[in-house]
Amino acid sequence: MISRAAPTADRRNLVSDTRGAVSIEFGLVIGLLIMIIVATVEFGRALAARSEMSHALGRVTRVVNLNSTTTTGAVVGMLEEYLDGYDERELDVDITQVSGTNFMEVSVEFPFMVSIPLMQDTEVMLRVATRAPMVSPIQ
């Protein structure tokens, strides 16, 4: 006579067997973990680029304050020189006089590509601006 208890016990053992559960859970979570790590690295790259732009703008503002004959073209040239790792054609420099004051606003804008796996590449505009006393005429 064949015992019917054996298949039921095998099923119970199969359901209660947890060997390999950690591997399955890890496989489900690893993709999300990699996306978070890459997104963190991309965010750090964007912050580093913005910091470099801010530093270059500070250097240019100091030159303008020390040299009253600095022209707008010279300011743009200095920014392009300080930000030599960027494509000059995509670097947008804007210099305007703040109305009713003796200040000028200098801003730099640059498109930054953010690439995260499994997501569409996105272009983010990084912009840095500062106001400085206008000791030279805007030309």
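One table, with the values for the structure above:
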read-out	value
The listed residue being modelled with pLDDT of 80 or more, out of contact with any Leu (no Cβ under 9 Å at 6 or more places or on another chain) and closer than 26 Å to Glu109 by Cβ, out of Leu33, Leu47	Leu47
Residues located in region 73-106, provided they are in contact with a strand residue (DSSP E or B) (Cβ under 7 Å, 6 or more places away or on another chain), surrounded by fewer than 18 Cβ atoms within 10 Å (Cβ to Cβ) and without any contact (Cβ under 8 Å) to a residue 40 or more places away in the chain	Glu90, Leu91, Asp92, Asp94, Val98, Asn102, Phe103, Glu105
Cross-chain or 6+ apart pairs with Cβ under 6 Å, region 49-71 first and farther than 19 Å from Asn102 by Cβ and touching a residue at least 12 places away in the same chain (Cβ under 8 Å), then of a type in the set (A, V, I, L, M) and assigned to a loop (DSSP other than H, G, I, E, B)	Ala56/Leu83
Answer residue from region 88-123, given it is under 29 Å from Ala74 (Cα atoms) and among the acidic types (Asp, Glu) and is farthest from the chain's Cα centre (by Cα) among those	Glu105
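The values are calculated or read from the model by the stated rules, or taken from the named source; none is laboratory data. Please read all numbers here as calculations on a predicted model, not as lab measurements. Here the Cβ is made from the backbone with ideal geometry for all residues, glycine too, and neighbour counts use every protein chain on show.
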